[in-house]
Amino acid sequence: MNAPSVASTHHTPWQGLGTFLLPKNPAAVVQRIMLFLLVTSVIILCIVNPTFRNPSNLLNIVQQASMIGVVACGMQLMIISGGFDLSVGANAAASGCLAAAVSLSFGVPAGIIAALCLGTLIGASNGVMVAKAGINPFVATFGLQAIIIGALQALTQGRPIAPLPKEWRELGFFNIGGLTFSSIVFIAVVTLLTLMLRHTQFGQHIYAVGSNKVGTSRAGVNVDRVLIATYAIGGLTAAIAGVLLTSIAGVGSPQAGTTWALLAIAAVVIGGTPLTGGVGGISSAVIGIFGLTVLSNAMTLYSISAFWQPAFMGASVLLAVGYEALRRTRRA
Amino acid sequence: MTQGHTLNKASQAIVPVAETIGITKRYGGIVALSDANLKILPREVVAIVGDNGAGKSTFVKILSGAQAATEGSLKVGGRDITFHRPSDARDAGIETVYQDLSLAEDLDVLSNLFMGREECYFNFGGLSVLNRPKMIRRAKQLLGEIGVNVPGVHDTVKGLSGGQRQGVAIARAAGWGSQLIIMDEPTAALGVQETAHVHEIIRTLQSRGVAVLLVSHNMKQVMELSTRVYVFRRGRIVAELTTAQTSTDEIIGYITGARG
């Protein structure tokens, strides 16, 4: 009988670096490539373009990435769990408008709390439809999105909610050393969700559910609860972005967020997370959203028509997904 | 004959790990299982065999808590017990290794071994912080004791061979002080060497005092591993045989209905 052995893996720092640069997992390879492309293009742009390397432009990029970045972080969780949410944009618009409307009578803090509650509730409703009723995430979240947009347009007559209390503008202009309120919130969301995903039991269960729902349930995990909580957090991040938008725009805008869901999904995919579930990390959403923002910033600096932006984004998505799919099929 | 006699005497004195008395399952008007009496003693490997539709799966589902019996009772460790869900069976010390293994392939060996039973620094619901160093220590110890060869606990299950995956699934079932492990066709998808590896694991479990209920179509495996065999046919247990005193031909005779 062979002596049973579990090879103990001793990682030297160099081996650790090797695994980081060349991981085994095809999805992680895509992420490294995207990170490399992002870092190189930022360095090159900094060298060749004085406007790009201007600190105010760099801070502007961070600011632009922040709002949808928060949404992308929530989307990342839902994608790891094996689903996604098409209603995040509508959710953000509705939550932003509710924050504005409530703040007119009860003040800004009450408005923000109401918005975060609404967003979480919308997210949890998506989760209930996906987990308990077994509705496909595409259908469930697309349907809820249509209901929210319809109700929002009807209630506001399609008109922005303004003028708002001046505290909103103060919030929108608040910054620490050029780092705006939105960017600070984005950094906080990234930090908290990264810690949650990596180090908590719930984070572990999101991966397990995304990888094998039936098996995870058989192991005694309450899969429905994990899914509902995941979508609730996704809805919460959408509401946070809605509040940020109201603070930046100074009005509650019912027309906002129409492209956010697809932008957030694109960011996650470009950052190297496949839509199959069970893999990925918040770093994907961050790399993806900065990739998209730097791309759009560079196009503006070089006076390339903004109409080309969706085309470039689509090409990036196809490259990321195509490469990962190709590696996976070659292996199998 | 004397050997069988002593065995019967001994089995009356020892408390069975699990015992079913008159288990019957009806789906509407269809009787899937009728009056099943089965006993599993500590350290025993009991095989259940039978053709497709003979009632094996129904029996396993009832014993693993996935379905409730229409009639009959279940005793675990000598005490009457009713299972409403699989976690009830698990709490009573009965674990199931499903034929599809139910592993999360994108996750590493460690996460799979502790799925649903993660060790945490403190208990704060879903936000409990994982105690990975403790899980790694326990996982290495467990895999080593049962004899499961995997390259490392941080390898994803996707990259493991069929035998290694089976080993991880069995280790997960065995790691929690379970008294009885139900294995559904544990080697159906495996090659010769990997099958031998899984057999070794099952014998190790047996020597650690764990009983195994083996569902198998593989007669060679049944003869090699089991101590006793129950033959199911058309929803009934038609024979209870001591492996050392029977033959493949006799078992197949009962399965097909040529005997009994």
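Nothing in this text is a laboratory measurement; each read-out follows from the coordinates by a stated rule. Note that this is a predicted model, so its numbers are computed, not measured. All Cβ positions, even for glycine, are placed from backbone atoms using ideal geometry, and neighbour counts span all protein chains on display.
Details
- Proxy reagent accessibility, fewest Cβ within 10 Å first, across B:Thr227, A:Thr237, A:Thr40: A:Thr40, B:Thr227, A:Thr237
- Convex hull per residue volume in Å³, alpha carbons only, for the protein assembly as shown: 190
- Each residue in A:Cys73, A:Cys46, B:Cys120 was given a count of other beta-carbon atoms within 10 angstrom of its own, and listing them fewest first yields A:Cys46, B:Cys120, A:Cys73.
- Alpha-carbon centroids, the stretch B:75-90 and the stretch A:254-332: separation in whole Å: 50
- Student exercise, the protein assembly as shown dipole from Lys, Arg, Asp, Glu Cβ charges, in Debye to nearest 20: 200
- Between A:Val29, B:Gln245, B:Leu101, the Cα set farthest toward the positive side of the dipole of the protein assembly as shown (charges on each charged residue's Cβ, about the Cα centre) is that of B:Gln245.
- With the simple spin-label model, which puts each label point 7 Å out from Cα in the Cβ direction, the B:Arg208 to A:Thr300 separation comes to 6.1 nm.
- When +1 charges are put on Lys and Arg Cβ atoms and -1 charges on Asp and Glu Cβ atoms, the dipole computed for chain B relative to its Cα centre reaches about 420 debye.
- Each of A:Asp85, B:Asp91 has some number of other Cβ atoms within 10 Å of its Cβ, and from fewest to most they run B:Asp91, A:Asp85.
- Stretching the chain fully between B:Ile30 and B:Glu105 yields a gain of 23.3 nm (0.36 nm per residue, less the alpha carbon separation).
- Length added when fully stretched, A:Phe173-A:Ile187, from 0.36 nm per residue minus Cα-Cα: 3.3 nm
- The mean count of C-beta atoms from other chains within 10 Å of the C-beta of residues in B:145-152, rounded to a whole number, is 3.
- Helix-derived mean residue ellipticity, 222 nm - over chain B, DSSP H n ≥ 4, -39500 (n - 2.57), to 500: -10500 deg cm²/dmol
- In the stretch B:153-249, the chymotrypsin sites (Phe, Trp or Tyr not before Pro) that fall in loop regions by DSSP, at most 15 other Cβ within 10 Å: B:Trp176
- Residue among A:Asn91, A:Asn57, A:Asn297 with the largest mean-square fluctuation in a Gaussian network model of chain A, springs linking Cα atoms under 10 Å: A:Asn57
- Mean per-residue shielding of peptide A:130-141 is 0, counting Cβ atoms of other chains within 10 Å of each Cβ.
- Reducing the stretch A:201-234 and the stretch B:30-73 to their Cα centroids gives an inter-centroid distance of 30 Å.
- Helix-derived mean residue ellipticity, 222 nm - over chain A, DSSP H n ≥ 4, -39500 (n - 2.57), to 500: -25000 deg cm²/dmol
- At R0 = 60 Å, FRET efficiency that the Cβ-Cβ distance of A:Ile147 and B:Ile252 yields, to 0.05: 0.45
- Cα lying deepest toward the dipole's positive end in the stretch A:65-331, options A:Ile161, A:Gly288, A:Val189, charges on Cβ: A:Gly288
- Taking every DSSP bridge with both residues inside the protein assembly as shown, close to 55 percent are antiparallel.
- Considering only B:Arg233, B:Arg43, B:Arg79, the mean-square fluctuation computed in a Gaussian network model of chain B, springs between alpha carbons under 10 angstrom, is largest for B:Arg79.
- In the stretch A:161-227, trypsin sites (Lys or Arg not before Pro) in a DSSP loop with at most 15 other beta-carbon atoms within 10 Å: A:Lys166
- Long pairs among B:Lys56/B:Lys158; B:Lys75/B:Lys134; B:Lys56/B:Lys220; B:Lys39/B:Lys220, criterion Cα-Cα beyond 26 Å: B:Lys56/B:Lys158; B:Lys75/B:Lys134
- Rounded Å value of the spacing that divides the Cα centres of the stretch B:105-154 and the stretch B:236-260: 42
- In a reduced charge model with +1 at each Lys and Arg Cβ and -1 at each Asp and Glu Cβ, the stretch A:31-174 shows a dipole moment near 140 debye about its Cα centre.
- Of the trypsin sites (Lys or Arg not before Pro) found in the stretch B:166-220, the ones in coil according to DSSP and having at most 11 other Cβ atoms within 10 Å of their Cβ are B:Arg208.
- A:Ile135/B:Ile14 FRET efficiency (R0 60 Å; Cβ-Cβ; nearest 0.05): 0.70
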